[in-house]
Every structure is written in structure tokens, then in C-alpha cells.
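*Asks:* Before anything else, here's the structure in question.
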Amino acid sequence: MNGVLTGVRVLDFGRHIAGPYCATLLADMGAEVIRIERVDGSEDRFVLPVGEGDTGAGFLQIARNKLGLTLNPMKPEGREIVKKLVATADVVVANVPPQALTEMGIDLASLHAINPRVILTTGSAFGRGGPYSNRLGFDGIGQVMSGNTYMSGADENTPAKSLFPYVDYGTATNCALGTLAALMAREKTGRGQMVEGSLLRTALTIANSPLIEEDILELGRKPQGNRGYNAAPADVFRTRDGFILAQVVSDTLFKRWAGLVGEPGWPSDPRFKDDKSRGENGKIISDRMNEWCANYTSEEAILLLAEARIPAGKVMSPRQVLSDPHVQTMFIPQDYPTLKKPAQVVGPPTLLSETPLEFHRRAPTSGEHTDEILQSIGYSGDEIAALRAKNVI
């Protein structure tokens, strides 16, 4: 392929989502990404098993477009392989604790002793500089410590965490963006640097607007389920056969909505004079929208809202998502040896017109390309066999 990062080699020591998906994004852009995992397979390979051998659903996404190498970097022979690979690499991705980076010989000082041009992209739960820096954490920690889980509940006694790990994926995207910036900087300086992301920083970035509001105005907002605070109607509404979400933001959209539901006088009502006022009186507006929605199926309501140019969408189960005709245009079926049918993997998240991001390789089986990779850095067949006998690979 002829992507933006064609010719760039990435060593992916990442685990779970934030590190590996960062490397996936680089692979989508054309980088050669070598996924390096434990000899018996990394833990993220087995999350949400969907095939024989506990093939994980998440792995099929985060390992696409990668070559697979198994390796024990703690053994002397494994450390030597790491050094040889680093000498050929442009980027090392590793979202592991700082102590583990040093033990594996992939901390920035160790990398630059071998190859001063290499970029180290890493991430942690809390980042550097604060009292929690050495603590471990996953996506949910970022969610609960940013205010999102509290504010997403129906009330103060029912906090609600998202089951989908948006903090992990956001951190991966931030790290990929930082890596691209570091590659551009290297063109000027000739030297690599460290790129650091953290789950909490990502979560706080997403939550920043309501945090600023609270800091300045001290409103002490309480959770109110799906209903918005700063506009209305902005809520989930029950239809005759399910639920939809509609979001009306701005005077223009509110006038369209009011006309649609038979309340043409509401735009001149002082209670609903602007988004802020409508948010403060959101329950009244949501109640009226629920009355309107009760007359229609979800599809009927969405079509009427679409004709009025009002944003709306159906609340769908995972099964319904898979059968949606528009959603289907965003999946790329991926064959995998242990699956009974192709996996519906979402393709690259960004579209470029001239140098497109591409899906060009399914996720690797455990150690699938070990021999090929080691041969590329000078190991003979006999040497590879000896390494395998010692359980180095």
C-alpha cells in the first residue's frame, strides 16, 4: 500500500486497547506494525471470545493490519532480539508501567542508546506528576474520576458507567496523533522523543466543558438520566415500538421542532427563549416530545424528524446495529482461522481522499509471522529453531 506512513516500522508492545489501537491507527496509515506478545499469547487476545482457542472479539479489531511475533523479552536472547528490532524501528508503542519499560529494555534511554531516532509512545492510567501516578487503572477509572459516571445516572444514587470503553479509544487516538506530531518533529530535529497519553487526561478532556461550568458557576448539577442540561428537547423518548433520541440545539432547530409537534407559540414563550432556558425547562419539553412520539413507531418518528431537518436516531440493540443498512457500509468483513463466519470489523475511522487509510491484513494468529520477522533482522532457520526450543519465541 501507499499510505501516509508507508516505510515507517512500529513495534507494538501494547496491551488491552489504548496502546494496541494506537498502533492499529498507524497501521491503517500504512506503517508496518509488528505486534509483540508473550509466547503463550497476550491477555487481550482472549477478551470476549468468539471462536475456537478463545479468539477475542476486541483482538480482531485492535490487531488488524499487523504482523504477529511472540517473544519473551526478559530472557537474554529475547533482549537481543528487541535490540535488533529497535535498531530498525521508527516507533515503539508500549502502554506498560515505567518499571516494566525499563525491565524490558524499551524505556526511552535504552531505546535511544540503540537508535536515537526512535519514538516511544506510551500511556498510563493517571499520567505523571500527581499523587496517583504509580497506580494502575482501566478505562472505567477514567470514566468515574472525570464526573461522567456520576452525571450519567438517573439520579445521585444510580451512577451509570458506559459499557463501551470510550476512554481507552480516545487515549489511543490521542497517542496516535502525538506520534504523528513526533514523526513530523523528527524530520526537523533528526531525533525521536517520548509521546505520553493517560486515561484520566483523556477522560478529563472529554468532560472539560461541564467541569469549567461547575468551577466558575458552582451550579452543583445533579444527574438527570438522558435529558440534556443546556438545550431541549435533548433526550431519549419512547415511541410505539421502542425508543429514539432527538437533539434540538439552537433557535432554528427549536422553531422547526415546535412547528412539527404542534406548539408554534413556544419559540416566543419566555421559558423557551434560548438553549439555556430550554435546558432549564427541559422536563416540560421532554414531556411534550414523549406525547408526540407516542403516536408513531420509531421509524415513523425519525422520518418525520428527518424531513424537518431535526437530528434523531433510533436506540438500537447490538443486533439491530448489525442489521442497519447504513451501519453495514462501515464494516469490513474479516476472515480469521478460528471463526465460523467473518468478523464485522469497523474499518479505519478516518477517510483520506488521496492517501486513504486501508484494511489490508487480518489480525495475526499467535506468532504467525515470527519466523518471517526474525529472518528479516538476520536470524537463520537453525537459530530460530533454537530460540523456539528455549521458549524465547
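*Asks:* Identify all residues within the range 176-216 that are within 17 Å of Gly137 (Cα to Cα) and in contact with a Cys (Cβ under 6 Å, 6 or more places away or on another chain); write none if there are none. If you could, list the steps in order and put the result at the bottom.
*Replies:* We begin by selecting, within the range 176-216, every residue within 17 Å of Gly137 (Cα to Cα); these are 196-204.
If the condition is that a residue be within 17 Å of Gly137 (Cα to Cα) and in contact with a Cys (Cβ under 6 Å, 6 or more places away or on another chain), then Gly197 is the only one that fits.
*Asks:* Scanning the range 124-171 for residues that are surrounded by fewer than 20 Cβ atoms within 10 Å (Cβ to Cβ) and in contact with a Ser or Thr (Cβ under 6 Å, 6 or more places away or on another chain), which turns out farthest from Leu219 (Cα to Cα)?
*Replies:* Gly127
*Asks:* Another question about this same structure. Sort out which residues of the range 164-179 are over 13 Å from the mean Cα position of the chain (by Cα) and without any contact (Cβ under 8 Å) to a residue 40 or more places away in the chain, and write them in order of number.
*Replies:* Scanning the range 164-179 gives no hits.
*Asks:* Quickly run through the range 44-95 and pick out the residues that are among the acidic types (Asp, Glu), touching a residue at least 24 places away in the same chain (Cβ under 8 Å) and more than 23 Å from Gly378 (Cα to Cα).
*Replies:* Asp44, Glu52
*Asks:* Okay, moving on. Being of a type in the set (Val, Ile, Thr) and either assigned to a strand (DSSP E or B) or more than 30 Å from Phe272 (Cα to Cα) (or both) narrows it down to one residue among Thr171, Thr149; which is it? Please lay out each step first, then the result.
*Replies:* Working: Thr149 fails: either assigned to a strand (DSSP E or B) or more than 30 Å from Phe272 (Cα to Cα) (or both).
Answer to the check: Thr171.
*Asks:* Can you name the residue in the range 326-343 that is touching a helix residue (DSSP H, G or I) at 6+ places or on another chain (Cβ under 7 Å) and in contact (Cβ under 8 Å) with a residue 60 or more places away in the chain and, of all such residues, is surrounded by the fewest Cβ atoms within 10 Å (Cβ to Cβ)?
*Replies:* Residues of the range 326-343 touching a helix residue (DSSP H, G or I) at 6+ places or on another chain (Cβ under 7 Å): 327, 334, 336, 338, 343.
When the remaining residues are screened for being in contact (Cβ under 8 Å) with a residue 60 or more places away in the chain, the result is 334, 336, 338, 343.
Numbers: Gln334: 18, Tyr336: 19, Thr338: 12, Ala343: 21.
That would be Thr338.
*Asks:* Return the residues of the range 137-163 that are over 19 Å from the mean Cα position of the chain (by Cα) and of a type in the set (A, V, I, L, M); say none if nothing qualifies.
*Replies:* Met151, Ala154, Ala160
*Asks:* Does the range 356-375 include one or more residues that are crowded, with 17+ Cβ neighbours inside 10 Å and either under 30 Å from Trp266 (Cβ atoms) or not assigned by TED's automatic domain parsing to the domain that holds Met29 (or both)?
*Replies:* Checking the range 356-375: not a single residue is crowded, with 17+ Cβ neighbours inside 10 Å and either under 30 Å from Trp266 (Cβ atoms) or not assigned by TED's automatic domain parsing to the domain that holds Met29 (or both).
*Asks:* Find the helices (runs of 4 or more DSSP H) located wholly in the range 74-142 whose residues include 1 or more that are closer than 30 Å to Phe164 by Cα, assigned by TED's automatic domain parsing to the domain that holds Ala182 and not small (Gly, Ala, Ser), and list them.
*Replies:* So the answer is 98-104.
*Asks:* I need the full set of residues from the range 297-308 which are under 11 Å from Val261 (Cβ atoms) and either among the small types (Gly, Ala, Ser) or out of contact with any strand residue (DSSP E or B) (no Cβ under 8 Å at 6 or more places or on another chain) (or both), in order please.
*Replies:* Ala301, Leu304, Ala308
*Asks:* Return the residue satisfying two criteria in turn: it lies in the range 6-57 and is more than 20 Å from the chain's Cα centre (by Cα) and part of a loop (DSSP other than H, G, I, E, B), and of such residues it is nearest to Glu358 (Cα to Cα).
*Replies:* Thr6
*Asks:* Shifting gears a bit: What are the residues in the range 344-392 that are over 17 Å from Arg35 (Cβ atoms), in contact (Cβ under 8 Å) with a residue 24 or more places away in the chain and of a type in the set (Lys, Arg), if any?
*Replies:* If the condition is that a residue be over 17 Å from Arg35 (Cβ atoms), in contact (Cβ under 8 Å) with a residue 24 or more places away in the chain and of a type in the set (Lys, Arg), then Lys390 is the only one that fits.
*Asks:* Quick check, is Ile114 aliphatic (A, V, I, L, M), surrounded by fewer than 21 Cβ atoms within 10 Å (Cβ to Cβ) and in contact with a Lys or Arg (Cβ under 6 Å, 6 or more places away or on another chain)?
*Replies:* Against the criterion (aliphatic (A, V, I, L, M), surrounded by fewer than 21 Cβ atoms within 10 Å (Cβ to Cβ) and in contact with a Lys or Arg (Cβ under 6 Å, 6 or more places away or on another chain)), Ile114 qualifies.
The values are calculated or read from the model by the stated rules, or taken from the named source; none is laboratory data. Computed from a prediction, not measured in an experiment: that's the story for all the values here. Positions of Cβ are generated from backbone atoms using ideal geometry, with glycine treated the same way; all protein chains shown enter the neighbour counts.
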